[in-house]
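The values are calculated or read from the model by the stated rules, or taken from the named source; none is laboratory data. This is a predicted model, so every value here is computed, not measured. Backbone-built Cβ (ideal geometry, glycine too); neighbour counts: all protein chains shown.
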Amino acid sequence: MKNSISLFSYYRFTHIILMLVVLALIPLSSQAEKHEFDMTIEDTRIVLVGNRDFHTFAYNGQVPAPLLHVKEGDEVTVNLTNMTTLPHTIHWHGMLQRGTWQSDGVPHSTQHAVEPGETYTYKFKAEPSGTMWYHCHVNVNEHVTMRGMWGPLIVEPKDPLPIEKKVTKDYILMLSDWASSWANKPGEGGIPGDVFDYYTINAKSFPETQPIRVKKGDVIRLRLVGSGDLVHSIHTHGHISQIVFKDGFPLPNPIKADTVLVGPGERYDVIIEMDNPGLWMIHDHVDTHTTNGNKVDGGIMTTIEYEEVGLDHDFYVWKNKKFVPDFYYEESMKKGFGMHNSTVFKGELIED
Ligand SMILES: [Cu+2]
């Protein structure tokens with residue numbers, strides 16, 4: 001009798017322990033995480049190409065701004081400190097801000113702009129998922145278009161699509177346009193009639209952009225972000241691009257294309273199978289966007305480099321190029337969730 005009771009309590013005990021373990025593990029995968037990031041804005045000088053520099057108002061002193069990588073449903077808190085001499089904000093482009101409209105970052109509408117020396121805290125839930133971005137909402141024409149106030153916000157979906165799971169390399173390409181007449185006149189510019197004469201991917205013009213290095217069998221995802229003022233027509237040679245997401249939302253049927261139009265504010269996620277070894281151009285098909293200060297070649301251009309074919313071809317422009325990883329945040333994207341600063345994008349601090 002005594003034995004059967006102790007056996008019964010033993011089973012009950014192990015059952016309870018097992019249930020507790022299961023209960024603890026199940027929500028772990030779906031549980032919302034809390035992230036808190038401190039961010040500054042600093043007067044910074046960056047170089048687009050050659051000696052073409054620009055005075056920027058840089059989040060954490062870099063252009064593009066740091067990668068914010070979170071999961072759908074996570075709670076995000078960002079303490080923003082303005083160390084420049086002009087007011088700024090952060091608008092979290094694409095976030096629904098349900099119940100948190102005062103974190104939408106729009107001066108005169110949701111908050112007072114963050115004055116020099118002040119700190120403002122943004123708090124919101126990361127929804128919906130997808131390729132999002134963040135940018136200042138004060139004098140957008142100047143601050144976003146030609147002062148580099150933009151960065152990527154990637155919200156991973158709870159349930160990724162089967163095609164997303166095939167991706168082996170993930171790249172972020174933020175497209176911008178710059179009018180050099182305002183390069184060193186902070187607080188001015190961004191007016192009708194501005195003549196844009198520099199065009200960039202992640203704030204660099206060809207030949208200062210970097211190659212996309214792949215091998216046969218890779219499946220790459222290009223997250224194209226229209227962070228400037230013009231429409232860009234991104235053409236990939238030798239491959240079929242599948243447009244899978246528009247502004248973070250999955251398309252009911254992915255569109256096959258070789259050219260993708262990206263307008264201001266828009267995002268397109270393009271998934272491409274690397275099935276054709278070679279050296280292949282990716283460029284803006286708006287011809288004027290492949291110039292630097294009115295000179296060809298330049299602007300929005302890069303190359304897909306397959307390791308199978310090597311770089312040792314006398315015609316290849318980037319034959320001896322110094323390779324800088326993480327230019328497309330591809331290394332930062334592997335680091336898991338959080339805020340990732342990148343030395344690649346760091347500018348030179350401008351002291352008063
Ligand atoms: Cu601003």
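Scanning the stretch 44-59 for residues that are touching a Gly at 6+ places or on another chain (Cβ under 8 Å) and among the polar types (S, T, N, Q) turns up Thr44, Thr56. Condition first: at positive phi, surrounded by fewer than 17 Cβ atoms within 10 Å (Cβ to Cβ) and away from the ligand (no atom under 15 Å from the Cβ). Now tell me which residues in the stretch 116-156 satisfy that. Across the stretch 116-156, there are no qualifying residues.
Restricting attention to the stretch 186-195, the residues that are crowded, with 18+ Cβ neighbours inside 10 Å and either β-branched (Val, Ile, Thr) or within 22 Å of Gly151 (Cα to Cα) (or both) total 2. Number of residues in the stretch 62-119 that are of a type outside the set (S, T, N, Q) and outside any loop (DSSP other than H, G, I, E, B) equals 16. Annotation note: of Pro192, Pro162, the sole residue that is more than 18 Å from Asn341 (Cα to Cα) and either at pLDDT 95 or above or within 13 Å of the ligand (Cβ to nearest atom) (or both) is Pro162.
Using the structure shown, decide if Lys169 is in contact with a helix residue (DSSP H, G or I) (Cβ under 7 Å, 6 or more places away or on another chain) and among the basic types (Lys, Arg). No: the conditions fail for Lys169. Number of residues in the stretch 98-115 that are surrounded by fewer than 19 Cβ atoms within 10 Å (Cβ to Cβ) and away from the ligand (no atom under 14 Å from the Cβ) equals 7. Can you confirm whether Ser176 is in the same structural domain as Val270 (by TED's automatic domain parsing), touching a strand residue (DSSP E or B) at 6+ places or on another chain (Cβ under 9 Å), under 28 Å from Leu279 (Cβ atoms) and within 16 Å of the ligand (Cβ to nearest atom)? Answer is yes for this residue.
Taking the criterion of being aliphatic (A, V, I, L, M) and either more than 15 Å from Met174 (Cβ to Cβ) or not in a strand (DSSP E or B) (or both), the residues of the stretch 244-295 that qualify are Val244, Leu251, Ile255, Ala257, Leu261, Ile271, Ile272, Met274, Leu279, Met281, Val286.
So for the stretch 200-222 (the condition being outside any loop (DSSP other than H, G, I, E, B) and of a type in the set (Phe, Trp, Tyr)), does at least one residue qualify?
Scanning the stretch 200-222, I find no residue that is outside any loop (DSSP other than H, G, I, E, B) and of a type in the set (Phe, Trp, Tyr), so the answer is no.
If the condition is being part of a strand (DSSP E or B), in contact with an Asp or Glu (Cβ under 6 Å, 6 or more places away or on another chain) and within 16 Å of the ligand (Cβ to nearest atom), then the stretch 45-61 contributes only Ala58.
Kindly provide the set of residues from the stretch 123-163 that are small (Gly, Ala, Ser) and closer than 30 Å to Arg45 by Cβ, ordered by number. The answer is Gly148, Gly151.
Take the conditions (1) surrounded by 22 or more Cβ atoms within 10 Å (Cβ to Cβ); (2) farther than 30 Å from Pro128 by Cβ; Ala183 misses just one of them, which is (1).
Select from the stretch 299-318 the residues that are part of a loop (DSSP other than H, G, I, E, B) and in contact with a helix residue (DSSP H, G or I) (Cβ under 6 Å, 6 or more places away or on another chain) and write down the one among them that is surrounded by the most Cβ atoms within 10 Å (Cβ to Cβ).
Top of the filtered list is Gly299.
Run down Val225, Val167 and say which single residue is in a loop (DSSP other than H, G, I, E, B) and of a type in the set (A, V, I, L, M, F, W, C). Among Val225, Val167, only Val167 is in a loop (DSSP other than H, G, I, E, B) and of a type in the set (A, V, I, L, M, F, W, C). Within the stretch 120-142, the set of residues being among the hydrophobic types (A, V, I, L, M, F, W, C) and outside any strand (DSSP E or B) comprises Ala126, Cys136, Val138, Val140.
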